[in-house]
Amino acid sequence: MNPGPDSFPSIENKYLKMWIEGNIMFAEYKSVVVDLEAAKIILKDRLELIQGNTYACFADCRKVKYWTNEARIFQAGENNNIGIKAAALYVKSHALKILANFYLLINKPNVPQYCFTSKEAAFKWLEQYK
């Protein structure tokens, strides 16, 4: 574990950088394809970072090329959301926002998740979970 932005606890792997700032866990994805292997590594690293605590999560997904079906199913699964109160997913287009929110509606993750094209709207929504 390395100090993150402004010395906050952080972890970085080849898929993303995660850090905790206040009551929010930030995840900044790199330009990658998130497959099942990546999803498992991300979960392992997140559990190490949060050390048994629970956080609202802001995930910057704008650089992700795509998620494989296996990764989406795994990440929506019951055990994958350990330590997450709610997740705001920041995406780059309204079309992607619509598709991702449809996916979340179908797969029903066990914590509230919603996609946003505005950081301000995402943080406003997360306020209720901090």
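For the chain, adding -39500 (n - 2.57) for each run of n ≥ 4 DSSP H residues and dividing by the number of residues yields -10500 deg cm²/dmol at 222 nm. Please compute the Kirkwood hydrodynamic radius of the chain from all pairs of different C-alpha atoms, in Å with one decimal. About 14.6 Å for the chain. Counting only pairs 8 or more residues apart or on different chains, how many lysine pairs in region 2-129 have their Cα atoms under 15 Å apart? Lysine pair count for region 2-129: 21.
Given their separation in residues at 0.36 nm each and the Cα-Cα distance between them, residue 32 and residue 65 gain 11.3 nm when the chain is fully extended. The phi-based Karplus calculation (6.51 cos²θ - 1.76 cosθ + 1.60; θ = phi - 60°) puts the 3J(HN,Hα) values of region 74-91 at 4, 6, 8, x, 4, 7, 6, 9, 4, x, 10, 7, 6, 10, 9, 9, 8, 10 Hz, whole numbers, x for Gly and Pro.
Throughout, read-outs are computed from the coordinates displayed, never taken from laboratory work. The structure presented is a predicted model; accordingly, all values stated were derived computationally and were not measured.
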